[in-house]
Amino acid sequence: MSQVVVDDLGATALGAGTPAEAGFEPGGRGAPRRAVRFFLRRPGLVLSGVVVVLVVLAAFWPGLFTAQDPLHGSPADFFQAPGGAHWFGTDELGRDVFSRVVHGAQLSLKATLIALAVAFVAGGLIGLIAGFVGRWVEDVLMRFVDVLLSIPALFLSLALVTALGYGTVKVAVAVGVASVASFARVMRSEVLRARQAVYVEAARSCGARWYSVLIRHVLPNAIGPVVVLATLEIGTAILAVSSLSFLGYGAPPPAPEWGTLISDGRNYLANAWWLTALPGLTIALTVLATNRIARALDGEWARQR
């Protein structure tokens, strides 16, 4: 009898084929291969990742890219075109523009991260309370969100930074508050979806406290799309911070913020185009790279799998 069972099992195994033939790879080696194929088919995504890594390294370790002081210049070297000695040329005071762009990444990225943190925390909290509590609390909070949405983000940022004053942190807070509405709406919709799930109803029927249901069941299942939205908003935040710095609301001179660099160079476009073009190209490449990575995170990898 046991021989018959063994024969049947062997025939079944032979009929099904080996794991590799059936489409499965032992040891979980399929995931790395899928990842390699995913990136090989998307060279733009790989290039975007390289750009973002370089910007992050420049923001936290600018000494890896340049040893020159971004605030010190040599008047004898003013308005030198890009070349081997100065990759991005020099400005009207003889300062190296490349070193100013590299060190400016720290200020611009710092402001971007603060803006995203403000929008993520404040907007997520508003959406979480509105979606979970409901009733009149939801009506009041969402009408406040509608008011924020009715004002263009840049105008709202300008009004806030005018009230708060100048400075990198204040610009970041203004940009973050202007982005609260989108985070609140996404969080509210996800909380409403998670609140009606079967596992939430089961937890309530078992006598779980409301805060336990909120923290253990609703929040973990609602925060995912908000995190994806934060990655999508990185490029928008960089542009908003650079725009306010361009208008003069950022760190005071001679701080090398990206928007400030473009603003300072616009007066010399006729004879020193690189003062504006190269910092502007840096901003454009960073925004395009972050948007490409965000698009890959926003379902592209999941669809590939």
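The values are calculated or read from the model by the stated rules, or taken from the named source; none is laboratory data. Everything quoted here is computed from the prediction, not taken from an experiment. Using ideal geometry, Cβ is built from the backbone for each residue, glycine included, and neighbour counts are taken over all protein chains shown.
Look at G131 and say whether it is buried (at least 16 other Cβ atoms within 10 Å of the Cβ) and touching a residue at least 40 places away in the same chain (Cβ under 8 Å). Against the criterion (buried (at least 16 other Cβ atoms within 10 Å of the Cβ) and touching a residue at least 40 places away in the same chain (Cβ under 8 Å)), G131 qualifies.
Take the conditions within 13 Å of L107 (Cβ to Cβ), in a helix (DSSP H, G or I) and either touching a strand residue (DSSP E or B) at 6+ places or on another chain (Cβ under 6 Å) or hydrophobic (A, V, I, L, M, F, W, C) (or both) and apply them to L229. Does it pass?
Details: within 13 Å of L107 (Cβ to Cβ): no; in a helix (DSSP H, G or I): yes; either touching a strand residue (DSSP E or B) at 6+ places or on another chain (Cβ under 6 Å) or hydrophobic (A, V, I, L, M, F, W, C) (or both): yes.
In short, no.
Among the residues of region 262-269, are any within 25 Å of L164 (Cβ to Cβ) and in contact (Cβ under 8 Å) with a residue 24 or more places away in the chain? Within region 262-269 (the criterion being within 25 Å of L164 (Cβ to Cβ) and in contact (Cβ under 8 Å) with a residue 24 or more places away in the chain), the answer is yes, since at least one residue qualifies.
All conditions but one from (1) over 18 Å from I283 (Cβ atoms); (2) acidic (D, E); (3) in contact (Cβ under 8 Å) with a residue 24 or more places away in the chain apply to D91; the one that does not is (1). Please go through region 54-85 and give me each residue that is within 28 Å of the chain's Cα centre (by Cα), free of Cβ contacts under 8 Å to residues at least 12 places away in the same chain and either outside any helix (DSSP H, G or I) or surrounded by 16 or more Cβ atoms within 10 Å (Cβ to Cβ) (or both), ordered by number. Of everything in region 54-85, those that are within 28 Å of the chain's Cα centre (by Cα), free of Cβ contacts under 8 Å to residues at least 12 places away in the same chain and either outside any helix (DSSP H, G or I) or surrounded by 16 or more Cβ atoms within 10 Å (Cβ to Cβ) (or both) turn out to be L54, W61. Any residue at all in region 148-162 that is out of contact with any Asp or Glu (no Cβ under 7 Å at 6 or more places or on another chain), under 30 Å from P254 (Cα atoms) and among the β-branched types (V, I, T)? Taking every residue of region 148-162 in turn, at least one turns out to be out of contact with any Asp or Glu (no Cβ under 7 Å at 6 or more places or on another chain), under 30 Å from P254 (Cα atoms) and among the β-branched types (V, I, T). Taking region 243-305 and the helices (runs of 4 or more DSSP H) fully enclosed by it, the elements with 3 or more residues that are at pLDDT 90 or above, farther than 15 Å from F98 by Cβ and not β-branched (V, I, T) are at 274-295.
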